Amino acid sequence: MNDTRAKIVDDLTSVFNGLGIAAQGVREEIDQAIGARIDRMISQGSFVTREEFELVRDMAIKAREENLALREALDTLTKKK
């Protein structure tokens, strides 16, 4: 009976070890698939560089400031009438 129990424990240990190895393989495949997808998106131009983002952001800030200045000038002219 003790040998049977030891055999079952050994078999279960082998199964769990196999599951761990299989899970690691699946994880590696998922990592590779995600990496490939990100590379594809970058190469297709789906992303902008940090420098491009900063440039557009700075342009938007400047445009907003100019818009506020024009609004104030318009308000001043409108009040004078």
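Bear in mind these aren't lab numbers, they're just calculated from the coordinates by the rules spelled out. All values derive from a computational prediction rather than experimental measurement. Every residue, glycine among them, receives a Cβ derived from its backbone with ideal geometry; neighbour counts consider all protein chains shown.
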For residue 28 and residue 56, calculate 0.36 nm times their separation in residues minus their Cα-Cα distance, and state this gained length in nm to one decimal.
-> 6.4 nm
The chain: which chymotrypsin sites (Phe, Trp or Tyr not before Pro) are DSSP loop and have at most 13 other beta-carbon atoms within 10 angstrom?
-> 47
